[in-house]
Structure formats: structure tokens, C-alpha cells
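Everything on this sheet refers to the single structure shown next.
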Amino acid sequence: MAIAFRPPKTTQKFLPVKPPKGHFFFAGRVFERVAWWKRPNLRKLYLYIIILILTNTANGFDGSMMNGLQSLSYWQDYFGEPRGAMLGFFNSSMSLGSLIGLIFTPYLIDWKGRKIGVAIGCAIMLLAVGLQTGAQNIGMFIAARLTLGFGDTIVLSSAPLLIAEIAHPQDRAVLVTLSGASYHSGAFIASWVTYGTLKIESNWSWRLPSLLQAICSIVIFIFIFRMPESPRWLCNKDRHEEALHIFSHWHGEDNPDDDFVQLEYAEVKAAIALDKQQGRNGWADFFKTPGNRKRITIITAIGFFSQWSGNGLISYYLKYVMDNVGLTDPQTQLGINGGMKTLALCENFFFAFFIDKLGRRPIYLISTIGTFVMFNIFTIISARYDIAPRNGLGKGFIVSIFFYGIFYDIKSGVMASYTTEILPYGLRAKGFVWLNFCVTAALFFNQFVNGIALDALQWKYYICYCVFLSLEILVVYFCIVETRYTPMEEIAKFFDGDDAVDMGEAALADMKERGVDVSGVAEKDFTVSHIEEVSK
């Protein structure tokens, strides 16, 4: 007897429908999936997207590197073994720089485009890496990290939007999820780099990892000007011929008469025209309709939850967490850090390919419930070790922290893809920047407060996260809306209900108005019952 995976019950009025095997939905029609590896232009586009994915690799490199540097004796000696408030400010300085950058970012990438945002952010990051590598004192190191955060937030707010808006609809969710998941590729590299530099008997044990942080930014900066601009941004700027050319070149192999290309262009054009007509592109518009209020509530929640699930302790204060259970050897600490990042890397990339099969809501629920259970377990272990230290408890702590990482990392890549897809174009840049603001604000709080709280309370501080994780479970269960299998311009129906415009029909109307033959796409019209029959 086969056991089928059934997602938890939901109160959603509209639910996504699974397309037939080997097909995908677009504009209410069913299209056969294309073999991207057999199409030269699409293959090249995906290579560019892989380069864009490196933006989060650079971010992940920093988080893991800062964790590893604290286990290096030369770094500790050079900067006077910072603890408490100084260590908290040291770790939080990059987040503070990011918060400053967020003020300007949505206006920059809506005004000048997604590509320019990526390029400017990379240039600033390269400058910051130079300052950080050559730092002569902790003040210079902190200044470099403030600058690094400023550039990083521009890159991280631009690149996922560009990926989502140039990717072929059949693979969009997977590619944007890989972008979010790639944080752990950088964390993996940095964890083993710092493990290796432990053997360098000079200040290059910490300067070298800082310098290597520039590699991803250099690669991205070299290739960004060869990549296509977002056709959605071009449509919004009334540069429609350029937008159609991008769709036809990259998604249609230079065939502007391709049925799917014409339908995709028409749907994007219609959705953006509707946005302009309604004039819903200001910050206040997040609160004017029930659908937008739900969107901003979800984005705020998942942004804060991404950093307030106890992971901040593991990302930036793992050394001190392990010190509290007797694991004080630097090589052991760096080895555990590297092992966790390796596992996270494999897991994240694996789950990215199942984002549509599993669904957004089940992934969030599995992750949140699992982290709640495992965080409670290693809190108990830490409490028992404080009462009666035993080696067995230290080993149990390692096991629990690895399982915590497994559950937490299930959802790591989903946040970027989910946020970009639930927002209409007019609010997408602002909404994504708001997500990054929530993440960065939570990071800044964590990085600054965690150092002070760990010094004062030690393991008792973990209880705060145990309580907060229980709240997360309730919010995820009742608020997350399932959106799988659905093109970006059509997700509005899950949030706006009967008020949402059928973008598929609007696209067909636009094609007829332009004199485009719609008989080919009309033949692809399937009813839900027909879809279900085909799927059996």
C-alpha cells in the first residue's frame, strides 16, 4: 500500500492544481516542459543565473567566516579578544551597514534597473573587502564591515529579483530557491578555509579568508553587464520592444512568433499595465487591501523568523555555545562548523529541486516544528551540563545541533522564491527590500544582543528562543499561503481572491488586440478536470 504525502490542512479558498507530468501551467494553459540543456540561448541564460546565484554565496561566506575567525588565536590576539558588547557590535556592524543601504535600494533598482543594482553593490563590496583584509585595528575592521553590509544589501535585494524576472517560468521557483540556498555554499567554503588557515602561523590566518571573500563579487561584476535586464522592468519603463526581444531571444531561441513567448510577453505586459492603472506601487499600498496586508504580514514574519529561530547563536556564536558544553578545542570547533556547513550545503541544494513537489507551506511547517523540538533538546542538554558536566552530554549536544541544522536548513532557500512570487510587480522591489530589512534588523539585534546575553545568562538565554519558536509554529500554520505550480503574474488569486484579474485572459485579449494569432495557445486550454484526468 503506497503512502502519499499529504500537506497539512489549510483554509485557503483557492488551491494550486498540479500540472500533468512533464508539463507546466502558464496563463491557464498547459505547456510541455522544454529541455533547457538542448537550447543554446536558454542554456546560456541559466549559466548567467548560476553566476547571479553567487551573490548569496558571498553572503554565506561572510557569516561562516566570522564564526571561524573567532576560533583563530591570531585574530583574537590582534583584536584584543573582544567579548560582550564589543563582540556584539563587531558581529553586528555588517547588519548595521545593510540597514543603512536598505533606505536607498528599492528606489535605485526600480529607477535604474536590477543589473545596475547588482553592479553597484559588487563594486562597494570589493572596496570593503580590501579595507577588511588590510585592517590595522578593530575600528578599521568594523568600518570595513559597515561598508560591506551597505554593498551586500544592494546586491541581495537586486539579484533574486533579476533571477525571478528573467528565468523561464517552468524553472523559476527552483532557480530562485537555489539562489536563497546558495548561502550555504559560501558558508561551506568559508568554514573549511578558516579550518585550513588555522595552521598558518601569522595574521594571514585571518587576512586570507577576508581576501578570498572578494572572489564571488569579482566574477559577478565581470559578467553582470552581459546579462539581460529584467523584461518586467523594461515593460514598466514602456520599453516593450526590448522586453519582447529578451523573451524571444532567451525563452524562444530568437523566435518572436513562438506561441509561449507571445503569451508570456502579453501576460507580463498586462500585469504591469494593471499595476500602473491601479497605481498600487507605494509603501502605503501594502496596507490598503486585504491581500496586500496578508502579503506584508507573511513577509515580515518569515523575515524575522529566518533569524530569530536560534540560528543566530549557531551562525555567529557557535564557539561560545560550544565552550558552554566543554567543547573548547579550536580544531574541534572548526571541524564541527565545517561539518554543519557541508551538510547544510547538500541539504539545501537537494530540497531546492523539490520546492514545487513539496510545497511552500509544508516545507515551512516541517522546518519550524523540527527546529522547535531540536532547540529544546540542546537547551536541556546545556542545562544538564551546567549542573553536572559529562563528556556524553557534549556529544549529545553535537548530535542535537546537527539535527537542528537539518530542520532549519530545509526552509533556507524558500524565503527568496516565496517573497518574489507573492508580490505584484509594482510592490516587488519594495517588498523584497522590506524582507531584507526584517532579516537584517533581526540579525543586528541577534548579533549585538546575543553576545551580551550569552555572557550574562549562558544557556538560560536559549529559553527565549524556545518560546519564540512555539509562536513561529502558530504563525506559519495559520498564515502561509500555498502557491506552488503557479506563474508569478497569476499568484494574486491566492491573496486577492475574486478581486484578482485573470491575467491569462488579459494576456489573450492583449494578443488579439495586437493582431497576434491566438489559435495555437487557445488549443492548449485545459479544464481542471481534464488536467486531473491527464495526470492519472
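Mean 1/r over all different Cα pairs, inverted: what Kirkwood radius does segment 285-512 give, in Å? All intermediate terms of the calculation are to be shown ahead of the outcome.
Values: mean 1/r = 0.0521 Å⁻¹.
Mean inverse Cα-Cα distance, inverted, gives 19.2 Å.
Assigning unit charges at the beta carbon (Lys, Arg +1; Asp, Glu -1) and nothing else, what dipole magnitude in debye, to the nearest 20, does the chain show about its Cα centre?
1040
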Open item on the list: Along the charge dipole of segment 388-523, pointing to its positive end and built from +1/-1 on Cβ of Lys, Arg, Asp and Glu, which listed residue (CYS438, TYR404, LEU457) has its Cα farthest out?
Closed with: LEU457
Open item on the list: Please compute the modelled spin-label separation between ASP238 and ASP329, points set 7 Å along Cα→Cβ, answer in nm with one decimal.
Closed with: 7.0
Open item on the list: With a cut-off of 8 Å between alpha carbons and a minimum separation of six or more residues, what is the relative contact order of segment 34-229 in percent?
Closed with: 39
Task: Paramagnetic reach from ASN41 (point 7 Å along Cα→Cβ, amide N under 12 Å) across segment 217-250 - done: 243-250
Task: From the coordinates shown, semi-axes √(5λ) of the Cα gyration tensor in Å corresponds to which of [x] 40, 30, 19; [y] 68, 26, 23; [z] 42, 26, 20 - done: [z]
- [ ] Please determine, in degrees from 0 to 90 and to the nearest 10, the orientation of helix 114-133 with respect to the longest principal axis defined by the Cα atoms of the chain, where the helix direction is its Cα long axis.
- [x] 10
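Counting only protein heavy atoms and a 1.4 Å probe, tell me what percentage of segment 168-218's accessible area is made up of carbon and sulfur. Kindly include the intermediate steps, with their values, before the conclusion.
Details: 1260 of 1730 Å².
Carbon and sulfur atoms account for 73 percent of the accessible area of segment 168-218.
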Open item on the list: Based on alpha-carbon centroids, what's the gap between segment 112-143 and segment 416-475 in Å, whole number please?
Closed with: 24
TODO: Give the residue from GLY282, PRO487, THR194 lying farthest towards the positive end of the charge dipole for the chain; charges sit on Cβ (+1 for Lys and Arg, -1 for Asp and Glu) and the dipole is referred to the Cα centre.
DONE: THR194
- [ ] Taking the Cα centre of segment 34-229 as origin, work out the dipole magnitude from +1 charges on Lys and Arg Cβ and -1 charges on Asp and Glu Cβ, in debye rounded to 20.
- [x] 640
Task: Two-site FRET efficiency, ILE138 against GLU201, from Cβ-Cβ distance with R₀ of 30 Å, rounded to 0.05 - done: 0.90
Task: Rounded FRET efficiency, nearest 0.05, which uses the C-beta distance separating VAL467 from GLU32 and R0 of 56 Å - done: 0.65
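Quick check on the chain: helices-only [θ] at 222 nm, where DSSP H runs of length 4 and up contribute -39,500 (n - 2.57) each and the sum goes over total residues. Nearest 500, please.
Numbers: 27 runs with 379 residues, N = 536.
Helix contribution divided over all residues of the chain: -23000 deg cm²/dmol.
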Task: Å² per residue, accessible surface of the chain at 1.4 Å - done: 40
- [ ] Would you work out the relative contact order for segment 295-442, in percent, from Cα pairs under 8 angstrom that are 6 or more residues apart?
- [x] 41
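Rounded to the nearest 0.05, what FRET efficiency do LEU15 and ALA388 have when you use their Cβ-Cβ distance and R0 = 60 Å?
Result of the calculation: an efficiency of 0.70.
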Open item on the list: What distance in nm separates the two pseudo spin-label positions at LYS357 and LYS112, each 7 Å out from Cα along the beta-carbon direction?
Closed with: 4.2
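Which length gain, in nm to one decimal place, applies between PHE225 and ALA456 when the Cα-Cα distance is subtracted from 0.36 nm times their residue separation?
Working: separation 231, 0.36 × 231 = 83.16 nm, distance 4.97 nm.
Gain on extension, PHE225 to ALA456, equals 78.2 nm.
The values are calculated or read from the model by the stated rules, or taken from the named source; none is laboratory data. Just so you know, these numbers come straight off a predicted model, no measurement behind them. A quick note on method: Cβ atoms are made from the backbone with ideal geometry, for glycine too, and the neighbour counts reach across all protein chains shown. For the accessible areas, the whole protein counts, side chains as well, though only heavy atoms, and no ligand, DNA or RNA atoms are used. Shrake-Rupley method; radii C 1.70, N 1.55, O 1.52, S 1.80 Å.
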